[in-house]
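The values are calculated or read from the model by the stated rules, or taken from the named source; none is laboratory data. Computed from a predicted structure; not experimentally measured. Cβ atoms come from the backbone with ideal geometry, glycine included; neighbour counts cover every protein chain shown. For the accessible areas, the whole protein counts, side chains as well, though only heavy atoms, and no ligand, DNA or RNA atoms are used. Shrake-Rupley method; radii C 1.70, N 1.55, O 1.52, S 1.80 Å.
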Amino acid sequence: MKAAIVNEFKQKLEVKEIPVPTLEYGEILVKIKACGVCHTDLHAAHGDWPVKPKLPLVPGHEGVGEVVKVAEGVTSIKIGDIVGIPWLYSACGECEYCLTGRETLCHDQLNAGYSVDGGYAEYCKAPANYVVKVPSGVDLAEISPIFCAGVTTYKALKVSEAKPGDWVAIYGIGGLGHVALQYAKAMGFNVIAVDIQDDKLDLASELGADLTINGLKCDPIQEIKDKVGGVQSAISVAVTKKAFEQAYGSVKRGGTLVVVGLPNDELPIPIFDTVLNGVSVKGSIVGTRKDLQEAVQFAAEGKVKTNISTEPLDNINEVFERMEKGQINGRVVLTLE
Ligand code: NAD
Ligand code: ZN
Ligand code: ZN
């Protein structure tokens, strides 16, 4: 089968033929139809993070497609089902986190397109118990980004504990941010979109943002304080430290900063302000299978729409270059025959 492979960090991916994965007990084989390109895949290909991915690696954790084979022990999925294979590829199912509905914190989890091969390939295997079904009649390229960008931001908004009517700021209107703001609207929040590029902010307005701010043209903290007196929650899905600092600064007393984007950097937090203002800072990592089912349902009902452009697998290096330069508005989805 054809797959895009990271052989070495910071080198171009190689698109070549490799064997179709063989199934073990409880696993299914998915013929991938579409796989979104997440900024995490670029971090993986660059070896950006303290925990490195396996090499060689087939990236991709937004792979969706049709189940073409099921191994012994599979009861929940049948051949012909349409499923997606998310970042949370598997977890132990037995630890304190798995048992309390916090499986994304499991120490023994595996991650698609990071610790195991993912969706940048014609076929990808996965444990049947950790894939999530796609409802019928849904466009597979359009739903693909929901498997990471969607579930991650939906969960981050839950973690923020904002209530309907509250003001929420989304910092970084990229692949994650452009769906984040739609989940936020669907959940009844007033939304401020912050980015440093006007085309991203135009998209944010089209998608329903109540206020947009270009962080290069003014100080978003001051602007947010002036306009709404600070936000109840700020979600940072950008990849620069500056955005996180500004996101922290735009939270009002008693509010929450949710940290989602993953630049390999520090976030210095002023102790005095955090204490006196009673501000919470929380990390949020993807979402559970239940969160993913809910996030997919929002999209299937048309409450959230991804802004995608499709590219063949062969163009992955060019897509990564555009992502590095910030030239992707929404998400690029790789499509496979
Ligand atoms: P992306 O490249 O599509 O989007 C990043 C956006 O941030 C761009 O629109 C860019 O213009 C904007 N930006 C850059 N600097 C900014 C600034 N100073 N202020 C405001 N906006 C700014 O990336 P993506 O696919 O959306 O991923 C974003 C980050 O989230 C990555 O680091 C990725 O690894 C991480 N991520 C985390 C999780 C999680 O579970 N925590 C899940 C998926 C992705
Ligand atoms: Zn992702
Ligand atoms: Zn566990």
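Tabulated results
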read-out	value
Residue 160 being within 10 Å of ligand 1 (Cβ to nearest atom) and among the hydroxyl-bearing types (Ser, Thr, Tyr)	no
Filtered residues of segment 196-241 (kept if on the phi > 0 side of the Ramachandran plot and buried (at least 18 other Cβ atoms within 10 Å of the Cβ))	230
Residues of segment 296-320 that turn out to be over 20 Å from residue 124 (Cβ atoms), exposed (fewer than 13 other Cβ atoms within 10 Å of the Cβ) and of a type in the set (D, E, K, R), as a count	2
Every residue from segment 129-160 that is closer than 22 Å to residue 332 by Cβ, touching an Asp or Glu at 6+ places or on another chain (Cβ under 7 Å) and assigned to a helix (DSSP H, G or I)	144, 145, 147, 151, 154
Residue match in segment 227-235 (condition: assigned by TED's automatic domain parsing to the domain that holds residue 163 and closer than 23 Å to residue 329 by Cβ)	yes
Breaking point among (1) in a helix (DSSP H, G or I); (2) of a type in the set (Lys, Arg); (3) closer than 23 Å to residue 229 by Cβ, for residue 163	(1)
Candidates 298, 320, filtered to the one that is outside any loop (DSSP other than H, G, I, E, B), within 18 Å of residue 43 (Cβ to Cβ) and in the same structural domain as residue 10 (by TED's automatic domain parsing)	320
Matching option when the condition is of a type in the set (Phe, Trp, Tyr) and open to solvent by 40 Å² or more (accessible area, probe 1.4 Å), among 114, 97, 130	97
Matching residues, segment 56-79, being part of a loop (DSSP other than H, G, I, E, B) and either within 16 Å of ligand 3 (Cβ to nearest atom) or among the β-branched types (Val, Ile, Thr) (or both)	58, 74, 75, 77, 79
Subset of segment 80-89 (residues that are outside any loop (DSSP other than H, G, I, E, B) and within 16 Å of ligand 3 (Cβ to nearest atom))	88, 89
Criterion: assigned by TED's automatic domain parsing to the domain that holds residue 141, away from ligand 2 (no atom under 16 Å from the Cβ) and open to solvent by less than 50 Å² (accessible area, probe 1.4 Å) - qualifying residue of 65, 84, 119	65
Those strands (runs of 3 or more DSSP E) lying entirely in segment 193-292 with at least 2 residues in contact with a helix residue (DSSP H, G or I) (Cβ under 6 Å, 6 or more places away or on another chain) and over 30 Å from residue 84 (Cβ atoms)	211-214
Within segment 149-177, tally of residues that are touching a Ser or Thr at 6+ places or on another chain (Cβ under 7 Å) and of a type outside the set (D, E, K, R)	9
Segment 31-50: number of residues that are within 19 Å of residue 311 (Cβ to Cβ) and either of a type in the set (Phe, Trp, Tyr) or assigned to a helix (DSSP H, G or I) (or both)	6
Residues that are more than 7 Å from ligand 3 (Cβ to nearest atom), in a loop (DSSP other than H, G, I, E, B) and out of contact with any Lys or Arg (no Cβ under 9 Å at 6 or more places or on another chain), drawn from segment 90-108	100, 102
